[in-house]
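First comes the structure, then the notes that go with it.
What follows is calculated from the coordinates using simple rules that are stated; it is not laboratory data. The shown structure was predicted, so the numbers you read here are calculated from the model rather than taken from an experiment. Cβ coordinates were reconstructed from backbone atoms using ideal geometry, including for glycine residues, and neighbour counts include every protein chain displayed.
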Amino acid sequence: MPAEIKGLNEECGVFGVFGVQDASQLTYYGLHTLQHRGQEGAGIVSTDSKELYQHRDRGLLAKVFANPNELKRLVGDAAIGHVRYGTSGHNSIANVQPFLFHFHDGDVALAHNGNLTNAVTLRRQLEDDGAVFQSDSDTEILIHLVRKYIKEGFIPALKKSLNIVHGGFAFLLLQKDRLIAALDPNGIRPLCIGQLENGAYVVASETCALDIVNAKFIRDVQPGELIVIDRDGLHIDHYTTNTQLAICSMEYIYFARPDSIIHGVTVHNARKQMGRLLAKQYPIDADMVIGVPNSSLSAASGYAEESGLPYEMGLIKSQYVARTFIQPTQALREQGVHLKLSAVRGVVAGKRVIVVDDSLVRGTTSKQIIKMLRHAGAKEVHMLIASPPFKFPCFYGIDISTRSELMAAHYSVSTMKELIGADSLHFLSVENLIKAINIPDAGDAPYGGLTVAYFNGDYPTPLYDYEEGYLKSLNEQEKRARKELKS
């Protein structure tokens, strides 16, 4: 295990609906649109007001529900679903959500996107109190806390529990008579509410999942909110008012679909603006601009428009390969780059090429892309990254919980340029990233209502279980830097 705790981080997608026939079918469509958020497992729990029904398994959604009878079995007019990407722990069915818990006073299902920063401590305390965990996912902690305080009533127990767990989280809970949604006090993970024509409500990680089921966007779930949807409609409550918006900037940079709208900002527009500002920051004399498919195409088009250079299709992506960032091992990531991308020789041969990518994390993809383009005959390859250098870990639900994995945490930009084999390497500044996204409801929140800790180390919350390991890694980094300077 590395210096820091290797967290049970998940970048996942959640979807829930209440008050519509064939709710599980609708949930399937919603999850299909959120498949980019996780490909290791999927599941749906539904209710007909009497019982809760569950089906979950490892693999893509289409594989999990390859037998149509599994979906038909999930009867009822309310359901929640989940697509999972687990970064550690076992990729076993025990960790696939939604979890379903049976209690004498009523069953409850739970789905979660995010990561709890005090999960290790809480789990130990709960186990010492007699709790028995069925999975090694941090998600299960919430339900054990709720049971601890259940004598106060379910909603009061839930509110109390939500104030005890910390980190980035979007929770969906389903009981036989209601659907409940809750978002962390910083709104780090996205969550939104939509409404169907019949008045039924939908809750989802991204608005693209509302679009697929023809739900009209109503509002984003705000930090610290507890939303209850039942037969009487939508009820907005709070478990805390000590909140401050700090939505994960990586949602806009990489994770969310370009057609999603998060806190009033269309992801495609934000990415395009990142590209424009990158072109202003670093104008380069070249023959063409190409984007790395698919999440970098918006930024690349913005760069091309601002620079006046032609935007070409120099890289082709196979549509049948999952994202390499979302591959659990380094060897698989490297193999995955070759499987998913190929250079277009007839476009890049003999040309000075600007490659725009959304991020540079481990450096694996950038290195392979540059090698590929040179092999296809490119004369120069300039790598421009539409986000700042990723120097610090994420503890809120992205697969980077240690600094050891981050190229920019160990090397200067000039050294990174040499390591990946580029003619030049440039990154968007933190200021321009904030300017490009420009969240309208950020108010006076720091960094324009974004979490930019991955770039500047300024985390919006205490790190709890991760603090000791994180500080240790920073000290080791400083020692290495001093040693390099001396030599």
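Observations, loosely collected:
- Neighbour net charge for E70 - beta-carbon separation under 12 angstrom, K R +1, D E -1: +3
- Which listed pairs, of K280/K351; K50/K216; K50/K72; K367/K472, have C-alpha distances above 20 Å, in listed order: K280/K351; K50/K216; K367/K472
- For P185, net neighbour charge (Lys/Arg +1, Asp/Glu -1) across residues whose Cβ lies under 15 Å away: -1
- Take each peptide in 261-272, 129-140, count the other Cβ atoms within 10 Å of every residue, and average; sorted highest first, the result is 261-272, 129-140.
- Net charge contributed by nearby residues that have their C-beta within less than 13 Å of Q222 (K/R +1, D/E -1): -3
- Sites E127 and D57 - FRET efficiency at Förster radius 25 Å, r taken between beta-carbons, to 0.05: 0.35
- In summary, the lysines within cross-link reach of K160, defined as a Cα separation below 21 angstrom excluding same-chain residues under 8 places away, comprise K148, K151.
- Spatially, the range 197-272 and the range 13-60 are offset by 17 Å when compared through their Cα centroids.
- Scaled against 2.2 N^0.38 Å for its residue count N, the alpha carbon radius of gyration of the chain is 0.98.
- Per residue, the average separation of C-alpha pairs within less than 8 Å and at least 6 apart gives the range 70-147 a relative contact order of 26 percent.
- Dividing the summed -39500 (n - 2.57) terms of all DSSP H runs of n ≥ 4 by the residue count of the chain sets its mean residue ellipticity at 222 nm at -8500 deg cm²/dmol.
- Zone residues, the range 148-166, relative to N242, backbone N less than 20 Å from point 7 Å out along Cα-to-Cβ: 149, 156-166
- Between L339 and Q21, the simple spin-label model (points 7 angstrom out along Cα→Cβ) gives 4.1 nm.
- Using only side-chain charges placed at the Cβ, +1 for Lys and Arg and -1 for Asp and Glu, the dipole size of the range 269-438 relative to its Cα centre rounds to 240 debye.
- Look at the dipole of the chain built from charges on Cβ: of G291, H238, N67, the Cα furthest out on the positive end belongs to G291.
- Remark: relative contact order (the range 13-243) = 21 percent; criterion is Cα-Cα distance under 8 angstrom and separation of 6 or more residues.
- Here the range 269-438 yields Rg over Rh of 0.94, to two decimals, using C-alpha coordinates and the Kirkwood radius.
- With an a/c value of 1.5 or above and a/b not larger than b/c for the gyration tensor axes a ≥ b ≥ c computed over the alpha-carbon atoms, the range 358-487 is described as oblate.
- Estimated vicinal HN-Hα couplings, Hz - the range 257-263 in sequence order (Karplus 6.51, -1.76, 1.60; Gly, Pro = x): 6, x, 8, 7, 10, 10, 6
- A94-R73 FRET efficiency (beta carbon distance; Förster radius 22 Å; 0.05 resolution): 0.60
- Relative contact order (%) - the chain, alpha-carbon pairs under 8 angstrom, separation at least six: 14 percent
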